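The values are calculated or read from the model by the stated rules, or taken from the named source; none is laboratory data. For clarity, every value in this text was computed on a predicted model and none was experimentally measured. Every residue, glycine among them, receives a Cβ derived from its backbone with ideal geometry; neighbour counts consider all protein chains shown.
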Amino acid sequence: MRAAIYYSLFLILMLVLTGCGNKEETTKTNVTQATEEKSESGKNEENEDSSQEKPEEKEEGFKILETVQLFGGGTFNIDNQIEDVRDYYISEKEDTVFLSFEDVNHSHVVNGTKDGWKSISVEIEDTHRRKLRGASIFNLNEDDAFEYGEWNKTDLKFYEMYDKVVPADSRIYDFATTSEGEAIIVNTGEQEYSIYTEQYLRGFGGNDSEESVLKFTDVKDFYEADDGFEYEQSIYVDMEKKRLFFVYGSSIYVMDLSTGKPLFEDGKPKNITTDGYQVKIIGDGSGNLYVVGYGDSVNISVYNSDLDLVMGPFEVPVTDPEDVAVTVTDDEIHIWDVHTYELEPALELVRLSKPSLQ
């Protein structure tokens, strides 16, 4: 009898324990499922929020791609005759760099590639009748007309002169960099000027070709041409937009050659002031003007054809910031710096990416 009672109590106890275990297991399962559903729901909400966020569009500025301290692998004094380097100018023709400069009482041109210097010209005298601009040479002949030539790419002991000449009887002219290469600006009458590009001087296009000769009248008598032999790279002409940019003192001005007037702002000629810096300018043929200030340091900025700031300034570290040259390719801006390396003149190149400009 007692054994039957104990057996009955045992069964009752087992049933109670089994029921509690099932209840606890059920509760755990429900909690786990609810947590997973909430977690999955949270992920979806986060994904939806992420998909709605638009990435911030950042304008890409200048970037230094490479600095080559010894362009050409060493000094460009390849004949050991260079005493000084002043007023240098650089142009690029395909893979070759042409460096022209004043040396005491003479002029020189030296050319080369990143792999080595090729050749150097003989000493060029009478620099007041010959203007060297990289690969180009302008020669004022005895008839006071300019002849145009280009240096031999292989051997700078030679250059080729073309047949066309530009009369310069008034002796008022300037040299300029344009969106179509080198050019000469000649005063052809009372406040009238003609811009002759190298295409015209090589004989490409007719005498009246708008692509190679751009004529304008300086209505306000604002543009002051000189004898063209004093300044380097202080004038740039956008032939397509018909805008002439020039440096005067510590400012940069722009003329609309279609109207013959400078751009005005608040009744005064619009300008960029570059106090504290010397400056060189060049364009890219797409309406952008690159302004390079130099002196204690070197910086570069971009302006549009209305002289509105687009980007910059961006500082460019160079070995000797007292003077630089600048060239533009399809994809890059090149800053050139003549400096001294192991007591010899050397050329440094800083390659900058072109910024994304809208």
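The residue that is farthest from the chain's Cα centre (by Cα), counting only those in region 105-140 that are under 14 Å from residue 349 (Cα atoms) and not in a strand (DSSP E or B), is 115.
Restricting attention to region 301-354, the residues that are more than 22 Å from residue 96 (Cα to Cα) and among the charged types (D, E, K, R) add up to 6.
Taking region 266-291 as the range and being part of a loop (DSSP other than H, G, I, E, B), among the small types (Gly, Ala, Ser) and under 16 Å from residue 328 (Cβ atoms) as the test, the residues that pass are 285, 286, 287. If you check 92, 83, 102 for being outside any strand (DSSP E or B) and either among the charged types (D, E, K, R) or closer than 14 Å to residue 157 by Cα (or both), only one passes: 83. Per the listing 301, 356, the residue uniquely buried (at least 18 other Cβ atoms within 10 Å of the Cβ) and in contact with a Gly (Cβ under 9 Å, 6 or more places away or on another chain) is 301.
Do we find a residue being buried (at least 22 other Cβ atoms within 10 Å of the Cβ) and closer than 23 Å to residue 189 by Cβ anywhere in region 141-161? Yes, region 141-161 contains a residue that is buried (at least 22 other Cβ atoms within 10 Å of the Cβ) and closer than 23 Å to residue 189 by Cβ. Considered as a group, the residues in region 162-213 that are among the aliphatic types (A, V, I, L, M), farther than 21 Å from residue 248 by Cβ and not in a helix (DSSP H, G or I) include one that is modelled with the lowest pLDDT, and that residue is 168. Does region 282-306 hold any residues that are touching a residue at least 60 places away in the same chain (Cβ under 8 Å), over 18 Å from residue 63 (Cβ atoms) and of a type in the set (A, V, I, L, M, F, W, C), and which are they? Selection gives 282 alone. Is it true that some residue in region 300-323 is out of contact with any Asp or Glu (no Cβ under 6 Å at 6 or more places or on another chain), closer than 14 Å to residue 66 by Cβ and at pLDDT below 95? Within region 300-323 (the criterion being out of contact with any Asp or Glu (no Cβ under 6 Å at 6 or more places or on another chain), closer than 14 Å to residue 66 by Cβ and at pLDDT below 95), the answer is no, since none of the residues qualifies. In region 324-343, of all residues being within 13 Å of residue 283 (Cα to Cα) and of a type in the set (S, T, N, Q), the one that is modelled with the lowest pLDDT corresponds to 329.
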